[in-house]
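Beneath this line is the structure, given in structure tokens, with notes to follow.
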Amino acid sequence: MNGLGSWAARRLMLGGAQTVAVVVLVFALTEALPGDAAVALAGDQPDPARIAAIREALDLDRPAYERLADWATGLLHADFGTSLTSGRPVSSYISDAFGPTLLLAGLTVALLVPVGVGLGVLAARYEGRFVDRLVSSVTLGVYAVPEFAFGVLLVTVFALRLDWLPPTAVGYGTDLLGHPAALVLPVLVLLSRPVCSLSRLVRAGMVDALASPYVAQARRYGIPGARVRYAHALPNAMAPAAQQLARTVDWLLCGVIVVEALFVIPGLGTVLMNAVAERDVPVVQGLAVVFGVITVVLNLGADLVAHRFSPRAEVAA
């Protein structure tokens, strides 16, 4: 346990350093963006005096290191700054848009774990047989289809031709939970590729685990096959799957821009697209920091789960 605690402490310190690096990198990249926010806010025919006044009002005339220090200090108090275009706090943009994105991610993960793990276990149990080849072929084919193309296909079939489901979330606002039909197609699109990758990882891990000496020893002791599969082989197959699941959750929270744009869902991806189009730098910075911190936290959690499940990691600890 002491070994596990020291390992976790090292990973936490590394996560803290990564978070600091994310903050500095986000600021540096937004500073390097082409164009001038003051010019964009001044309108189509900017007056030099108005541009100078805007720059002074927004502190854009101050040195970059001073603005970085003030911004980083504000982040410690959950102050992400103020939008250049609306004057609203960036935190309000994040809180308003986080709900729809979190709802989509939560529903997707709730279905992803049982479906992905179940397909992987099923394929491994019938390794080399028809069921295994069918699951492998279908998952490989679905994974090869881009999310946007898959979404357009689902909208065309189930919304436009069959008229079973709404094609977009227009008119529902952020109350998506009150209109579950509007969530079906986005969740299916979000599930398509993660289910395929997770099931293939679980299958590969299960096949390796079932062929390992400790599983063979368990079978020689007369342990039932179901217990061997689910109590001995599956936990060891979950180490790489846990890391993949963390990457999937990270992608769901931070990279659903295509899905939210296709189905007109007012989530974090939509806010980010609008902020980039308007060159609203504080909003872009705030969202980028949130995405970066989520990535660090999820990867820390995935490493801990993988370390706990992996027998070799336990021995090393």
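Side notes on the structure shown:
- The requirement of being under 28 Å from Thr156 (Cβ atoms) and within 17 Å of the chain's Cα centre (by Cα) is not satisfied by Val249.
- Here Leu201 meets the list (1) in a helix (DSSP H, G or I); (2) within 17 Å of Thr108 (Cα to Cα); (3) at pLDDT 75 or above; (4) open to solvent by 40 Å² or more (accessible area, probe 1.4 Å) almost entirely, failing just condition (2).
- So Thr168, is it surrounded by 14 or more Cβ atoms within 10 Å (Cβ to Cβ), of a type in the set (Val, Ile, Thr) and part of a loop (DSSP other than H, G, I, E, B): yes
- Considering Pro100, Pro63, Pro114, the condition of being over 28 Å from the mean Cα position of the chain (by Cα) and at pLDDT 75 or above is satisfied by Pro63 alone.
- Residues in the range 118-156 that are exposed (fewer than 13 other Cβ atoms within 10 Å of the Cβ) and of a type in the set (Val, Ile, Thr): Thr156 only.
- Any hit, the range 180-191, residues being open to solvent by 50 Å² or more (accessible area, probe 1.4 Å) and in contact (Cβ under 8 Å) with a residue 40 or more places away in the chain: no
- Candidate set from the range 68-90 (those that are over 25 Å from the mean Cα position of the chain (by Cα) and part of a loop (DSSP other than H, G, I, E, B)); member that is surrounded by the fewest Cβ atoms within 10 Å (Cβ to Cβ): Gly87
- Residues of the range 107-145 satisfying the condition of being part of a helix (DSSP H, G or I) and of a type in the set (Phe, Trp, Tyr): Phe130, Tyr143
- Any hit, the range 167-186, residues being at positive phi and not aliphatic (A, V, I, L, M): yes
- Screening Asp175, Asp208 for residues that are in a helix (DSSP H, G or I), acidic (Asp, Glu) and out of contact with any His (no Cβ under 7 Å at 6 or more places or on another chain) leaves exactly one candidate, Asp208.
- Top-ranked residue of the range 146-158 - restricted to ones that are in contact with a helix residue (DSSP H, G or I) (Cβ under 7 Å, 6 or more places away or on another chain) and of a type outside the set (Phe, Trp, Tyr), ranked as farthest from Arg203 (Cα to Cα): Val155
The values are calculated or read from the model by the stated rules, or taken from the named source; none is laboratory data. Because the structure is a prediction, the values reported are computed rather than measured. Ideal geometry is used to build each Cβ from the backbone, glycine not excepted, and the neighbour counts take in all protein chains shown. Remember, those area values only see protein heavy atoms, side chains included, never the ligands or the DNA or RNA. Shrake-Rupley method; radii C 1.70, N 1.55, O 1.52, S 1.80 Å.
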